[in-house]
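Here is the structure we will look at, set down as structure tokens.
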There are 2 protein chains.
Amino acid sequence: MTGKATRERIIEAADRLFYQQGYEQTSFADVAAAVGITRGNFYHHFKAKDEILDAVIQLRLDATAGMLARWEVAGGHPEGRLLCFVGILVANRAKIMAHGCPVGTLSTELSKLEHRSREDANKIFLLFRTWLRRQFELLGRPDDADDLAMHLLARSQGVATLANAFHDEGFIQKEVDAMRDWIKGVRTCLS
Amino acid sequence: MTGKATRERIIEAADRLFYQQGYEQTSFADVAAAVGITRGNFYHHFKAKDEILDAVIQLRLDATAGMLARWEVAGGHPEGRLLCFVGILVANRAKIMAHGCPVGTLSTELSKLEHRSREDANKIFLLFRTWLRRQFELLGRPDDADDLAMHLLARSQGVATLANAFHDEGFIQKEVDAMRDWIKGVRTCLS
DNA sequence: GTCTATAGCGAGATAGAC
DNA sequence: GTCTATCTCGCTATAGAC
């Protein structure tokens, strides 16, 4: 096992545990146990806990950028791409009901901690916002594309928060259906 | 200063700090310093940290029930009451941008901690849900009143999460305006 | 009812052997 | 690159004086 592989395994385990338990609640011992190394070995790969968080955020930024690039192709046209976006709520419904949205919950937690990586975590939100805005621009809504992007992002966040609180799968489906109808309506009716 | 007053001051300080910093991140020392007592004196009023959380949740349940009862009168009719509900996003916009929604962020945090009081915290959500559902029923939508209540609750949560992430006051106002339009549309168009 | 003092634990972090 | 051993700190919680 090379050092690089161990580092990546640490980041992946931390990524999962930060999502499931939260950043502050996840200890070095938790991550070490998940990876199968001792706590002491940790500091050969990371100087401090903050650095693991930064690596996890970078991993999520890369993963998000890759996913958006794939939707760019798979969605075909702007409306299809927007449907890809709302589709993640259904595809990830089990995880969302158990742990909420990984983007929103990390952003909220780091905000309360006043953590220095707070703004970096928000960049994940910004990736979605910019990508969604672009799709609405292509859909013929250049003037309020950003408002529409924020609206759709907000509705997705709200669905994740309440689905987590009430553990209601039917609620997710109903809201996703409503968002799909709304997306179809954006194209047909001008601002 | 009687014991009862000190206990109430502890609960009020904890309520504020749990909102601003999160439950897990708030230590006894933080609350004690805010109240102006020593840590040791704490255990005369509460046996454990969990008990303060329970007291804070009860305080918020009572405060929410009281607020909903006041809206029942101040709003006049169901539509006016729903407008009272979305109005809190504007009225509390500064706090929401700084710390998110007190209901949603506590619910999310306790979910990640798998805390035993998780369900009690969700009762605050349930108060809003039940109250909103009743207003939609009175508005002539008995069949989908709960769906409409969850929809409005979700949109509010999403607005709070994104307003906190992006610190965008204009976004809150735009979304609240959109929710007001949506509320007006609910009455005029049947399901 | 409030205080000081301290126990006990787990956290992040470091040193150094192998 | 991985380990064991250890340090220091802050936290929850307890004991007991006043």
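The table that follows gives values for the structure above.
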quantity: Percentage of interatomic Cα-Cα distances in segment A:1-128 larger than 25 Å; calculated: 31
quantity: Convex hull of Cα atoms in segment A:48-189, direction-averaged projection (nm²); calculated: 8.7
quantity: Alpha carbon convex hull of the protein assembly as shown, projected area averaged over orientations, nm²; calculated: 21.1
quantity: Helix-only mean residue ellipticity at 222 nm for chain B, each DSSP H run of n ≥ 4 adding -39500 (n - 2.57), per residue, nearest 500; calculated: -27000 deg cm²/dmol
quantity: Dipole of segment B:1-47, positive direction: furthest Cα of B:HIS45, B:SER27, B:ALA14, with charges on the beta-carbon; calculated: B:HIS45
quantity: Order of A:THR161, A:THR188, B:THR105, A:THR26 - criterion: other Cβ atoms within 10 Å of each residue's Cβ, fewest first; calculated: A:THR188, A:THR26, B:THR105, A:THR161
quantity: Between helix A:3-21 and chain A: long-axis angle, C-alpha atoms, 0 to 90°, nearest 10; calculated: 60
quantity: Helix axis angle, A:118-138 relative to chain A longest principal axis, alpha carbon, degrees; calculated: 20
quantity: Relative contact order of segment B:1-47, pairs being alpha-carbon contacts under 8 Å that are 6 or more residues apart, as %; calculated: 33
quantity: Trypsin sites (Lys or Arg not before Pro) within segment B:1-100: DSSP coil, no more than 11 neighbouring Cβ in 10 Å; calculated: B:LYS47
quantity: In degrees, nearest ten, helix B:49-74 long axis to first principal axis of chain B (Cα); calculated: 30
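Just so you know, all these numbers are worked out from the coordinates, no wet-lab data involved. Worth saying up front: this structure is predicted, and the values here are computed from it rather than measured. Every residue, glycine as well, gets a Cβ built from its backbone with ideal geometry; the counts of neighbours run over all protein chains shown.
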